[in-house]
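The values are calculated or read from the model by the stated rules, or taken from the named source; none is laboratory data. Please read these numbers as outputs of a predicted model, since none were measured by experiment. We place every Cβ from the backbone using ideal geometry, glycine too, and count neighbours over all the protein chains shown.
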Amino acid sequence: MNQDFQSIQMLNTTPNDLVNQLKDAIIPELMEKLAAQFSPKEPETYLSRSETAKLLKIDQSTLFRWTKKKVLQPIYIEGKVLFQRSDIENYLNNNKIN
């Protein structure tokens with residue numbers, strides 16, 4: 001008969017020791033996962049073209065070319081061209097020279 005159960009044999013382990021070992025192994029991992037899911041989200045920060053160019057230390061003409069090449073994706077709000085700070089930070093982190 002095929003069973004999907006596995007057995008564990010514990011020698012010299014009291015029930016309290018077992019409970020404590022399980023708590024020590026499981027609770028920190030669960031707390032970390034819950035903290036990641038329920039941590040307060042920071043509101044997105046939007047930067048103008050000049051702020052973005054200054055942050056990246058590039059000229060606005062370079063930023064314009066990068067936008068055309070889809071290196072960075074702008075957001076258009078009421079006729080303004082804005083960039084999400086998180087997109088810029090992701091770009092910088094993904095294109096670091098080690």
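Selection of segment 11-65 for residues being touching a residue at least 12 places away in the same chain (Cβ under 8 Å) and of a type in the set (A, V, I, L, M) yields LEU47, LEU55, LEU56, LEU63.
Across segment 46-73, the number of residues qualifying as outside any loop (DSSP other than H, G, I, E, B) and more than 26 Å from the chain's Cα centre (by Cα) comes to 7. Within segment 11-45, the set of residues being farther than 27 Å from PRO74 by Cα, under 18 Å from the mean Cα position of the chain (by Cα) and of a type in the set (Lys, Arg) comprises just one member, LYS33.
All of (1) exposed (fewer than 12 other Cβ atoms within 10 Å of the Cβ); (2) modelled with pLDDT of 95 or more; (3) aliphatic (A, V, I, L, M) hold for LEU82 with one exception: (1). Scanning segment 67-83 for residues that are in contact with a Leu (Cβ under 8 Å, 6 or more places away or on another chain) and not aliphatic (A, V, I, L, M) returns PRO74, TYR76, PHE83.
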